[in-house]
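Notes follow once the structure below has been shown.
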Amino acid sequence: MSSRLADLFHSVWSSVAFRLTLNYSLLALSTSLVLLVFFYHQTVGILESQFSRQVATTAQRLHSHFDQGGLRGLIDEINLELADPVNFDTEMFLLTDPLGNALAGNIAPDPAFASAGSAGITRDVVLRGRPAHGYLVGWLLPDGSRLVVGHDLRDLHEITQLIKSISLIAVCAMILLVLFSAYLFRRALQRRVEVIRRTAMQIGAGELTQRIPVQHRQDEFALLTHDINTMLDRIELLMNGVRNVSDAVAHQLRTPLTRILARLRTARRPGSSHEDLKRAMDFLVCEIEDLAKVSEKLLQIAELESGARRKKFEIARLDVIARDVVDLYEAVAEEKRTTLRLHASGPVCVYGSRDLLAGAIANLVDNAVKYAGRAARIRVDVTEQAGQATITVLDNGPGIVPDKRQRIGERFYRLNHDVPGYGLGLATVIAIARLHGALFELRGAEPGLSVSLRFPLPSEENQSPGA
C-alpha cells in the first residue's frame, strides 16, 4: 500500500503541469496570507483604538466630575456607573486615597496601578472577585488620590481569536483547493498532452498519415495542434518527395547505366577495331557527363532546400539580373526566330543571391525558348507592386494542359521527351524560390504559358549594413 502511494505521489510530483500549477497557487496563497495578516493587524488595531478611546473618554468625564463636585462627587459618579447594567461586567473603576486604600470601584487595588498613566497599560486585575485582563488608564488627582479607569479585554480577545480561527480555516481550505485544483489541472493538461504523445509515437513507428485530432476550442493547444499537423503534413510531403526522388533517380540512372554497360560489353568483344573503341569511348564520355550533370543538379537542389546558400544573400537588382539573362539568350532566340523582350517598370530590388536569381530566370527563359516553338514571342516582365517584386516569363506557345500543370516542378518530369533536358530545371527554380521566400505561380496565358516568381521586398533589417 505504501509503495503504491509512493508511486502515485512520484507520478503526480513529476508532472510539470502539477508543479507549475502548485507554484502559482502557492504564490496566490502567500499573497492571500499576507492580506490576511494585514487584515488581522488592522482589525485588532482598530478594536484596540476603540477600547482606548472609550476608556479615555470615560476617564476624562470622571475627572471633570471631580473638578465640579470634589472627591464626594467623583465617588457618587463611580457608584452611579457601577449601578448601570450597560457594560456592567466589562467596565473597570477604582478610586484610591493617597495611601492606596480603595474608596470606590469594582477592581481590587494593586501597587502596579501607580504606573498607569494617560498612555494606558494592560494588566491582570481582579474584577468583582474574578481574574480579568484589562486596559487601564490612571489619573493622579490634585488631593493625592488616584483614579483608575479601564475596560475588560475579554471581548477583544474573543474577537481576535475568532479572526484567527476564521483565518486558519480559510488557509486550510485554500491549501486544499490549491492541491485539488493543481491535481485537476494536471489531469486536464495530461489528457491534452497524451493525445500529442500518442500521435508522435504512431508517427515514430512509421504511420506518417496520423494527425493530432483538432479541438474545437481555439486555445493554445489548438494552435499547437495546428502547427504540429502542418509540420507533419510538410514532413509527409518531404518523405513522399524523397521516395519519389529515389525512385526517379533509380529509374533515370538505370537507363544510362544500362547503355554504358552494353556499350562496354560491345567494345570488349574480340575483333573490335580502334574506331569502334574510340566511338565507344566518346559515347561513354557523353553518358558519364550527363550523369555528372544530373548529380550536380540534384546536389544543387538539395543544397538549396537545406538553406545553406542563404548566408550569401544581399540586396540585388532583379531588373538588372533579368536584363543580363535576356541579353545572354537573345542569340539563342534569334536562331529559332523567337522574339525575346524585357519590360521593367524601373529599379526593382530583392534580398537574395545574384547567382541563384540569375539561374532561376535563366531556367524560365530557357524553358520558354525550348517549348514555345519557332517564331514565338517571349516577354520578361519585372514589376514592383503590392509590396512584392515580381518577375514573369510569358510566351505564346502551346502552353500546358491544366491536368498536367500539377506535376510541373517534379524532379525528372518532362512534358516533351523530344526536347533535350533532364526534367530538373523547374525543380531547381522552385527550390530557389522557396529559399528566397518567393511564390512560384504557373498560369495559362491563352495562348501560351505564364510563369511568375513573387519575391518579398527587402526589409529594413536586410537593407542594414550588417545584414
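Filtered by the rule that a residue be without any contact (Cβ under 8 Å) to a residue 12 or more places away in the chain and either closer than 14 Å to Arg128 by Cα or surrounded by 14 or more Cβ atoms within 10 Å (Cβ to Cβ) (or both), the range 93-116 gives a lone residue, Ala102.
The lone criterion from (1) exposed (fewer than 11 other Cβ atoms within 10 Å of the Cβ); (2) among the basic types (Lys, Arg); (3) under 26 Å from Gly425 (Cβ atoms); (4) modelled with pLDDT of 75 or more left unmet by Lys311 is number (4). The residue list Ala132, Ala173, Ala108, Ala119 contains one member that is within 30 Å of Thr21 (Cβ to Cβ) and either assigned by TED's automatic domain parsing to the domain that holds Leu62 or touching a Pro at 6+ places or on another chain (Cβ under 7 Å) (or both), which is Ala173.
Filter the range 206-228 for residues that are under 22 Å from Ala188 (Cβ atoms) and more than 17 Å from the chain's Cα centre (by Cα) and give the result. Hits for the range 206-228 are Arg211, Ile212, Pro213, Val214, Gln215, His216, Arg217. Residue under question is Ile235, and the condition is that it be modelled with pLDDT of 70 or more and surrounded by 15 or more Cβ atoms within 10 Å (Cβ to Cβ); does it hold? Here the answer is no, as Ile235 does not meet what is asked. Considering the range 393-467, the qualifying helices (runs of 4 or more DSSP H), each wholly inside and each with 1 or more residues that are assigned by TED's automatic domain parsing to the domain that holds Val365, modelled with pLDDT of 80 or more and over 30 Å from Ala375 (Cα atoms), run over 425-435. One residue stands out among those in the range 142-162 that are hydrophobic (A, V, I, L, M, F, W, C) and at pLDDT below 85: the one that is farthest from His41 (Cα to Cα), which is Leu153. Applying a threshold of 8 Å to beta carbon distances and a minimum spacing of six or more residues, or different chains, the list of pairs starting in the range 53-82 at a residue that is assigned by TED's automatic domain parsing to the domain that holds Thr96 and within 15 Å of Leu103 (Cβ to Cβ) and ending at one that is surrounded by fewer than 18 Cβ atoms within 10 Å (Cβ to Cβ) and among the small types (Gly, Ala, Ser) reads His65/Gly73; Phe66/Gly73; Asp76/Gly69; Glu77/Gly69.
Could you tell me which of the residues Val44, Val37 is surrounded by 11 or more Cβ atoms within 10 Å (Cβ to Cβ), touching a helix residue (DSSP H, G or I) at 6+ places or on another chain (Cβ under 6 Å) and either part of a helix (DSSP H, G or I) or polar (S, T, N, Q) (or both)?
On the way: Val37 fails: touching a helix residue (DSSP H, G or I) at 6+ places or on another chain (Cβ under 6 Å).
Exactly one of Val44, Val37 is surrounded by 11 or more Cβ atoms within 10 Å (Cβ to Cβ), touching a helix residue (DSSP H, G or I) at 6+ places or on another chain (Cβ under 6 Å) and either part of a helix (DSSP H, G or I) or polar (S, T, N, Q) (or both), namely Val44.
So which residues in the range 124-140 are within 12 Å of Asp152 (Cα to Cα), of a type outside the set (A, V, I, L, M, F, W, C) and crowded, with 19+ Cβ neighbours inside 10 Å? Within the range 124-140, Gly134, Tyr135 meet the criteria. For the range 199-220, which residues satisfy the criterion of being within 17 Å of Asp233 (Cα to Cα), loosely packed, with under 13 Cβ neighbours inside 10 Å and not hydroxyl-bearing (Ser, Thr, Tyr)? Selection gives Met201, Gly204, Ala205, Gly206, Glu207, Pro213, Val214.
The values are calculated or read from the model by the stated rules, or taken from the named source; none is laboratory data. Small disclaimer: the values here were computed from a predicted structure and weren't measured. In this analysis, Cβ positions are derived from the backbone assuming ideal geometry, glycine residues included, and neighbour counts consider all displayed protein chains.
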